[in-house]
Each structure stands twice: as C-alpha cells, then as structure tokens.
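The values are calculated or read from the model by the stated rules, or taken from the named source; none is laboratory data. Predicted model, so just to flag it, every value in this text is computed and none were measured. FYI the Cβ positions are ideal-geometry reconstructions off the backbone, even for glycines, and counts take in every protein chain you see. Heavy atoms of the whole protein, side chains included, go into the accessibility calculation; ligands, DNA and RNA do not. Shrake-Rupley method; radii C 1.70, N 1.55, O 1.52, S 1.80 Å.
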Amino acid sequence: MRILLVSTQDYIHHPIPSRHHNIFEELATRHEVHVPHFHVSRGKERETRLHVHEATRFAVESPFLHYTLNAPCHYRVIRDIIRDHDIEIVVGAHVLAGTAMVRAAEKSGVPVVFDLKDWFPDSAAAYYKNPAVKWLLREGVLAITRYNLDHSDVVTTVSPGLVAKLKGYGYDAELITNGVDTDLFRPMDGGAMRSALGIAPDAFVLGFAGAVERWYALDEVIRAFPEVLKKHPNAELLIVGGSLFTGYLDELRSLAARFGVASRVHFTGAVDYRELPGYIAPMDLCLIPLSPPQWVDIALPNKYFEYSACGKPILSTPIPDMLRMGGGHIAVYQDRGEFLERVDELALASGRAPAGIEEHSWKKKAEAFEGVFSRLTGNR
C-alpha cells in the first residue's frame, strides 16, 4: 500500500519520536510510506524508512510562523506526492498542513484518515500566557480542526476521553491508543546510570522523563522537594529531557537553586530516545505531574506505557483514562499534601511491568491502522 503521512512534527529533526514515528516506521517495513518534511526543529537528523519530501521554503523556528508562511508550499508538495506516487491513502494529524492535506486528497479522490493525537485548540494555546492571544488561537484552531475533521473519511484518536470529547462535537472517532516499544523499554538495572549521574547507590530517586514543558508541573515537584528531604534525606530528583519551545527547563534550574535543593536535583537535558530506558532505570518512583485541567480528561500519556514497561511504580495527578488502563503500580495525588503522603507510602515500593503491556506495543498499533486502511481502500 502507498501511504502519505502528514505528521504533527518535524519528522526528521524533532528530538522526541511521536506516535507517528513509532507507528509509521513499523508500517514502512511492509508498505511504501511518504512524509513531507516541515523543517521547524533543530535536533539531530534521525534515520527513517519513510520517503521524505522537503516541504519547507522558509525555515523559521516559530511553529506558528513556520506553518503559516509555508502553507502554500505545503499544499503543493502534498498535492505532488499524492499525484506522482499514486498514493492510496492519506493520514494526517496537523492543523494547517492538515487542511492542505484534505484539500489535495479530495481533489485526487484519495481517502483521508485524520489521527487526532491531542485536542489541538487547547494545545496550540498552551504556549501563550496572554488571555486574548490564548482565546484567539483556541477559537481559530478549533475552526480549522473542525474543517479537517469534516473532510476526513475516518477519525482516529488516542484516548477514550478524547473519543468522548469528539462525540460532543458531533464526530465518531476510532480509538487507537499510544503504545511502547517493549523490546526497548523493559526492566533493567540502574546502577551504572546512577554512577554516571553522580547519584548514590542507596538514594531514593524520584524521576521524570519526557518533554520539560509547563503542562507537567515540575515546578510544584521542586517546591515540594525540601519537604521530601525532611523525611527521606537520601532522596534525589532526576529530570530527564529538554524544553521544546520555552525556557521552562532554565526556570526549573533556577527554582531548584532558590529552594536550596540544586545539589539533589539532576537535570540531564535532552537525551537520545533510544537511551531513555537507561535513564528511567535508576528511578525508584516515576512521576506524571500533568497539570492543565482541560487536558486531564483526554490524556493518556506515553509515559504511562514507558514507565510501566520498565516495571516502575508511578505517581501521577489523576488521569482518568490512565487509571482505567489499570495496574497496581499507579498511585494518585491531587495536591502537595497528597504528593508527600504518596511519596512516603511508595518510598520502598518495587514495581514490575503490568500484565498485558505487550498488547500495547507499537506493532499492535500499526496493525490497528492497517485495519482502518484496508477497510477504506479494500486492500487485504
């Protein structure tokens, strides 16, 4: 099958592989998959099995400016890929480039799958503080998102909560959750990494791995950390990852110094994704401090799958869809007091990968997309 993916990210340079990297690299082992390249990130170029087509004329770093200025180029490149490579199905997940995609696909009579990996109106506004700017972005992105969904043959999405949210807007969506590479993420000894990071062998390590952005309230974790140290003098905090578009990581470093815990908080910055399980290995308790209330009811973070596959206990803010997935390795807190209580309870906990985590491998998710494609195209 010949497939065109229009990803939400710079497919080549984004430092963190998205669900589309994991699913479509697997699909590319048995299908011909094309992707336009939106050169908006500055990370190291990743290897790929996909056929990459440059779609950037103005390589500006601001995502809003990048996708706005390059919109005409995106349409031409997507149209040409569909025509020149006899594309059979198009899968998109982008706001502005998604509009170019559905228009080009409609003109060529190619079926469209729109894969909504989060609720774009809220995520687009999340980077801005000005209320007027946030409202304008939210309403504008909502209008564009609705256009894209209205012109798609099938809508897929990542969580039961987002399925329900879309239902409220009048759209039926199929659920294909995120997943995990169970060959890469697995229980392993963290002793060598502790030594490399300067963490004592007997330390009680609270850890976070992922994008260091404001939707994860790591500042609140650092504010609570002096209280953790009063009861657990051997505690250390390990924050693995870098900020994508903001200075949040630098703010956290300053905050740790201001609260007098800088020597106990380890910031690795961005790490290669394939090395991430090694950084999770020394963690005794893994954190998911998801903050924005508008996201909590639709979220099902990759961290849940990655931490779980590594056999780690998880301490998280309440995320309903994650809790429905189950697992006795999950504890929940709603405020600082509960955070400290749960840390005390989990200080000696030991985790293991929950039964059935293999069913959430990326290979299984790729097979689910193949089922959708076959239904739309009649291919078997």
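Arrange the peptides 34-43, 334-343 so that the one whose residues have, on average, the most other Cβ atoms within 10 Å appears first.
My ranking of the peptides, most packed first, is 34-43, 334-343.
Which value at 222 nm does the chain reach when only helices count, each DSSP H run of 4 or more adding -39,500 (n - 2.57), with the total divided by all residues and rounded to the nearest 500 deg cm²/dmol?
Values: 16 runs with 160 residues, N = 380.
Rounded to the nearest 500, it is -12500 deg cm²/dmol.
Can you pull the one-decimal nm distance between simple spin-label points at residue 230 and residue 375, each 7 Å off the Cα toward Cβ?
5.5 nm
Separation between the residue 257 and residue 129 pseudo-spin-labels, each 7 Å from Cα along Cα→Cβ, expressed in nm?
So the label points at residue 257 and residue 129 sit 1.9 nm apart.
Of the listed pairs 129/167; 303/364; 134/165; 117/363; 44/167; 44/312, which have alpha-carbon separations greater than 27 Å here? Before the final figure, lay out the partial values.
Values: 129/167 29 Å; 303/364 18 Å; 134/165 20 Å; 117/363 18 Å; 44/167 39 Å; 44/312 29 Å.
Going by Cα-Cα distance, 129/167; 44/167; 44/312 fall outside the 27 Å limit.
Treating only the Cβ of Lys, Arg, Asp and Glu as charged (+1, +1, -1, -1), what charge dipole size does the stretch 85-210 show about its Cα centre? Round to the nearest 20 debye. Present the calculation step by step, with values, prior to reporting the outcome.
Numbers: 11 positive and 15 negative charges, 123 e Å.
Dipole size: approximately 580 debye.
Taking H as built 1.01 Å from N, whose amide H comes closer than 5 Å to the amide H of residue 11, not counting residues under 5 places away?
It is 38, by chain and number.
For the stretch 75-147, what's the relative contact order in percent, using C-alpha pairs closer than 8 Å and at least 6 residues apart?
On the way: 73 pairs, mean separation 21.4, N = 73.
Computed value for the stretch 75-147: 29 percent relative contact order.
Please compute the per residue accessible area over the stretch 203-284 with all protein chains in place, 1.4 Å probe, rounded to a whole number of Å².
On the way: 3100 Å² over 82 residues.
I get 38 Å² per residue for this part.
By the gyration tensor of its Cα atoms, with a ≥ b ≥ c the square roots of the eigenvalues, what is the shape of the stretch 125-187: rounded for a/c under 1.5, prolate for a/b over b/c, or oblate?
Details: a/c = 2.78, a/b = 1.39, b/c = 2.00.
Oblate, because a/c is 1.5 or more while a/b does not exceed b/c.
How would you rank 247-258, 17-28, highest first, on the average number of other Cβ atoms within 10 Å across their residues? Don't skip to the answer; put the middle values down first.
Values: 247-258: 15.9, 17-28: 21.2.
Peptide ranking by packing, descending: 17-28, 247-258.
What residues have an amide H closer than 5 Å to that of residue 243, excluding those fewer than 5 places away on the same chain, when H is modeled at 1.01 Å from N in the peptide plane?
Here 212, 249 satisfy the definition.
Rounded, prolate or oblate for the stretch 197-341? Axes are the square roots of the Cα gyration tensor eigenvalues, ordered a ≥ b ≥ c, and the cut-off for rounded is a/c under 1.5. Kindly include the intermediate steps, with their values, before the conclusion.
Working: a/c = 1.26, a/b = 1.25, b/c = 1.01.
Cα axes put the stretch 197-341 in the rounded bin.
Multiply the residue separation of residue 47 and residue 246 by 0.36 nm, subtract the distance between their alpha-carbon atoms, and state the gained length in nm to one decimal. Present the calculation step by step, with values, prior to reporting the outcome.
Working: separation 199, 0.36 × 199 = 71.64 nm, distance 2.63 nm.
So the extension gain works out to 69.0 nm.
Any aspartates and glutamates with Cα under 14 Å of the residue 365 Cα? List them, leaving off those in the same chain fewer than 8 positions away.
Cross-link targets: 25, 26, 115, 174, 181.
Among 197, 95, 23, which residue has its Cα positioned farthest towards the positive end of the charge dipole of the chain, with +1 placed on the Cβ of Lys and Arg, -1 on the Cβ of Asp and Glu, and the dipole taken about the Cα centre?
Going by the charge dipole, the pick is 95.
For the chain, modelled as a Gaussian network with Cα springs under 10 Å, which listed residue fluctuates most, 297, 272, 150?
Comparing 297, 272, 150 in a Gaussian network model of the chain, the most mobile one is 272.
Helix by helix through the chain, keep the DSSP H runs that span 24 Å or more along the axis on Cα and average at least 1.6 on Kyte-Doolittle, and give those back in order. If you can, show how the numbers build up before the last one.
Working: long enough: 131-150 (28 Å, 0.17).
Helices passing the filter in the chain: none found.
Suppose a student asked you for the relative contact order of the stretch 134-234, using Cα pairs under 8 Å spaced at least 6 residues apart; what percent would you report? It would help to have the intermediate numbers written out before the result.
Working: 42 pairs, mean separation 15.8, N = 101.
Taking the mean separation of contacting Cα pairs over the length of the stretch 134-234, I get 16 percent.
Shape of the stretch 239-308 from its Cα gyration tensor (a ≥ b ≥ c, root eigenvalues): rounded if a/c is under 1.5, otherwise prolate when a/b > b/c, or oblate?
On the way: a/c = 1.66, a/b = 1.20, b/c = 1.39.
Cα axes put the stretch 239-308 in the oblate bin.
Please sort 102-114, 134-146 by packing, taking for each peptide the average over its residues of neighbouring beta carbons within 10 angstrom, highest first. Numbers along the way, then the final one.
Values: 102-114: 18.9, 134-146: 15.8.
The densest-packed peptide leads the list: 102-114, 134-146.
In percent, how large is the relative contact order of the chain, given Cα pairs closer than 8 Å and 6 or more residues apart?
Numbers: 688 pairs, mean separation 56.5, N = 380.
It comes to 15 percent, rounded to a whole number.
Taking the DSSP beta bridges in the chain as the whole, what percent of them are antiparallel, to the nearest 5? Display every interim value, and only then the final one.
Values: 2 of 42 bridges.
Antiparallel bridges make up about 5 percent of those DSSP assigns within the chain.
Place +1 on the Cβ of every Lys and Arg and -1 on the Cβ of every Asp and Glu in the stretch 228-362, take the dipole about the Cα centre, and give the residue among 244, 282, 305 whose Cα lies farthest towards its positive end.
282
Skipping prolines and chain starts, which residues have an amide H placed within reach, meaning under 5 Å, of the one on residue 55, given they are 5 or more residues away or on another chain?
37, 39
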